[in-house]
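A short worksheet on the structure shown next.
The values are calculated or read from the model by the stated rules, or taken from the named source; none is laboratory data. Note that the coordinates shown come from a computational prediction; the quantities given were computed from them, not determined experimentally. Don't worry about glycine lacking a Cβ; one is built from the backbone with ideal geometry, like all the others, and counts go over all protein chains shown.
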Amino acid sequence: MKTHIFLKIAVLALLANACVSPKINIFPDSTRPLKEYTLEGKGKEKVLMVHIRGFISDSPSGSVFKTRPSMLQEVVSQFRLAEEDDKIKAVVLQINTPGGSTTASDILYEEIVRLKKKKGVKVVAAMMDVAASGGYYVSLPADAIIAHPTTVTGSIGVMFMTPKVTRLMDKIGLDVNISKSGESKDMGSPFRASTEAEDRIMHGLIDELGGRFLSLVAKHRRVDQTTLAQISTGRVYLAKEALQAGLIDEIGYLSDAVSKARSLADISADATVIVYRRTEYPDDNLYNTSLSEYSGEKIKLIDSGFLDYISSLRTGFYYLWLPAGSE
């Protein structure tokens with residue numbers, strides 16, 4: 001019994017010291033610089049593997065002990081390192097995301113276009129579980145899109161999401177008084193129902209952002225108007241249907257994507273496949289999506305459940321397949 005008490009006190013003391021001392025780093029992660037590690041191959045030319053995983057956002061994620069850089073920052077940091085290495089001839093984007101905010105998705109799309117122009121590299125998108133909405137959006141600049149046989153993709157379109165708390169406020173007798181300079185100044189407010197005029201304005205914004213998405217699909221995939229009309233409904237597709245619709249180029253596995261990248265870049269079949277990480281892993285391979293020892297998941301001392309879910313619903317426009325984005 002005394003041993004258990006001593007261990008608990010020792011752990012608490014270590015945690016307390018870590019909070020005030022910069023010398024102790026219990027969860028080494030984003031404070032370390034990215035370094036190059038080899039996954040396979042021995043050739044002089046290189047293929048870079050970049051993981052686009054999780055909610056696409058430019059907001060950092062926090063925890064009790066650490067703040068993790070946003071997904072956008074992490075991916076762009078890897079692109080910047082790649083720009084300095086003349087041996088990198090191709091990039092494989094391993095995509096497993098339901099999408100995210102419209103702006104973060106569009107920035108990531110533009111960064112991929114920028115990398116291709118600056119480096120002249122070939123890019124292959126390798127879709128895993130989900131590459132929907134914003135996940136498909138960022139795949140569009142790729143020279144080839146390969147989906148796993150069980151990939152869910154599509155969900156092409158945009159949505160505006162805002163929580164509404166008016167019914168809850170009515171039940172608890174709470175009200176919010178807003179003084180505004182213009183009739184539509186608080187448009188989209190969670191504290192009141194929208195007017196018909198506001199709904200029309202909002203649908204105009206949605207149509208414009210959705211039209212931007214569709215125009216990029218038409219540009220990169222060159223699908224006909226009939227197909228565009230079908231995919232504009234925002235439905236999702238399995239890989240076989242996506243291939244028939246012209247949304248992807250092939251059905252295959254991650255190793256096939258690497259082979260495709262080597263072929264498109266006209267480099268050796270034994271070209272080295274590299275990744276940027278902050279931590280070295282024994283027996284590393286293509287399927288390791290970690291950048292560091294600490295995964296970046298939130299450490300919760302108290303599980304607030306429903307309150308966490310409500311607080312995560314931030315008002316805004318999203319290229320997002322919501323069923324897969326509500327984790």
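Only residues that are under 31 Å from the mean Cα position of the chain (by Cα), in a loop (DSSP other than H, G, I, E, B) and modelled with pLDDT of 75 or more were counted across region 186-203, and they come to 1. One residue stands out in region 92-122 among those that are in a strand (DSSP E or B) and in contact (Cβ under 8 Å) with a residue 60 or more places away in the chain: the one that is farthest from Ala261 (Cα to Cα), namely Ser101. Being touching a residue at least 60 places away in the same chain (Cβ under 8 Å), in a loop (DSSP other than H, G, I, E, B), charged (D, E, K, R) and farther than 30 Å from Gly210 by Cβ is not true of Lys89.
Just one of (1) in contact with a helix residue (DSSP H, G or I) (Cβ under 6 Å, 6 or more places away or on another chain); (2) modelled with pLDDT of 95 or more; (3) surrounded by fewer than 21 Cβ atoms within 10 Å (Cβ to Cβ); (4) over 29 Å from Val223 (Cβ atoms) fails for Asp58. It is (2). None of Tyr281, Tyr276 is of a type in the set (Ser, Thr, Tyr) and assigned to a loop (DSSP other than H, G, I, E, B) except Tyr281.
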